[in-house]
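Here's the structure, in structure tokens; my notes come after.
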Amino acid sequence: MGQHDRRRRLAGTVLVALLASGCGASPPGGNEQEQGGGPQTSAPAVPIVTPTPTDPPTTEPTTGPTAPVDDPRTQKASNRKRYHRLSGQSYRFENSYRGLDYAAAHGYLWIDIDTNYCFDDTRTRAIPIATHWRNVDTEGFDPGGRYPPGTRWSDLTISQVRELRTADKRPYELVKMVDMVRYAARVGMEGIEWEVKAGAAFEKVETYRAVLQVARKLGITIEVKTLYALGGAKASLRRLRAAKLAGATTMLIVTRKQPRILLSPDHETFIDYVRGKWGRA
């Protein structure tokens with residue numbers, strides 16, 4: 001926690017400027033494996049550009065050799081022991097109270113939780129919910145076919161979501177992310193790698209605030225992470241920018257199948273960690 005505080009203080013003045021200027025899924029790619037690694041220079045790199053609300057043309061970072069940085073903002077992500085679904089386990093198990101019970105019982109202090117979102121009953125506020133896929137029919141939560149194929153969680157309200165159950169002998173139901181945080185504290189977890197999927201609501205600061213507030217109150221460490229280029233490269237950066245402005249520690253995930261990316265100094269103001277192949281422009 002002390003390291004995170006120091007890093008937030010270093011970025012404080014930059015974040016104020018960002019606030020003044022503002023900061024945007026489908027199953028393919030959503031289950032890519034993550035990998036560790038720090039800055040590298042051996043492979044061709046793909047520069048990424050800083051997003052803005054309307055995505056006007058921007059200047060891409062340089063693609064030359066990476067330079068040493070005296071006080072780097074972004075660092076290699078921890079390869080801490082964390083619970084992520086094991087062979088034979090479903091995503092709906094991992095992203096449930098049962099998954100948290102399993103993690104705690106097997107000595108894990110951290111867990112990976114995937115989220116999409118629905119809306120409140122007025123459709124004015126996004127509510128993060130613990131589920132891996134964005135479509136309602138992907139994980140068996142609508143066995144009766146109440147909603148047409150391709151319906152997304154973001155098409156539903158929280159009241160509609162609460163009515164859905166899987167057809168398992170012990171049915172699963174969707175859990176709000178804020179309630180997953182509360183339960184994680186109850187079973188003795190220390191932290192959550194909160195993975196946010198694609199969607200415009202995850203590009204807004206207010207979507208993160210309630211979850212982060214509860215986590216701070218309960219002493220649960222949250223790291224908001226997202227897959228690079230899920231929903232588009234700029235959209236993935238907008239998600240992390242919004243999470244950072246909400247006060248979160250952030251992580252960009254570069255999968256094994258993706259080329260090394262280069263971060264500009266601006267990216268490093270809102271990306272705290274990278275898990276995967278990366279370097280500095």
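Here, each number is a calculation from the coordinates, and none is a lab measurement. Source: prediction; values computed, not measured. FYI the Cβ positions are ideal-geometry reconstructions off the backbone, even for glycines, and counts take in every protein chain you see.
Summary of values
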read-out: For the range 107-156, fraction of C-alpha pairs farther apart than 13 Å, in %; value: 61
read-out: Arg256/Gln89 FRET efficiency (R0 22 Å; Cβ-Cβ; nearest 0.05); value: 0.60
read-out: Vicinal HN-Hα couplings computed from phi for the range 81-91 (Karplus, 6.51 cos²θ - 1.76 cosθ + 1.60; Hz; Gly/Pro x); value: 6, 9, 7, 9, 2, 9, 4, x, 9, 8, 5
read-out: Cα-derived Rg to Rh of the range 82-203, Kirkwood definition; value: 0.96
read-out: Amide proton proximity set for Arg260, modelled H, under 5 Å, gap of 5+; value: Val46
read-out: Karplus 3J(HN,Hα) series, Hz, for the range 150-166 with 6.51 cos²θ - 1.76 cosθ + 1.60 (x for Gly, Pro); value: x, 4, 9, 4, 6, 7, 10, 9, 5, 5, 5, 4, 5, 7, 8, 9, 7
read-out: Contour minus Cα-Cα distance for Asp179 and Asn79 (0.36 nm per residue); value: 33.4 nm
read-out: Equivalent-ellipsoid semi-axes of the range 167-281, from the Cα gyration tensor, Å, largest first; value: 27, 17, 14
read-out: Efficiency of FRET from Cβ geometry, Ala105 and Arg170, R₀ 22 Å, rounded to 0.05; value: 0.85
read-out: Estimated vicinal HN-Hα couplings, Hz - the range 109-119 in sequence order (Karplus 6.51, -1.76, 1.60; Gly, Pro = x); value: 9, 10, 9, 8, 10, 8, 9, 10, 8, 10, 10
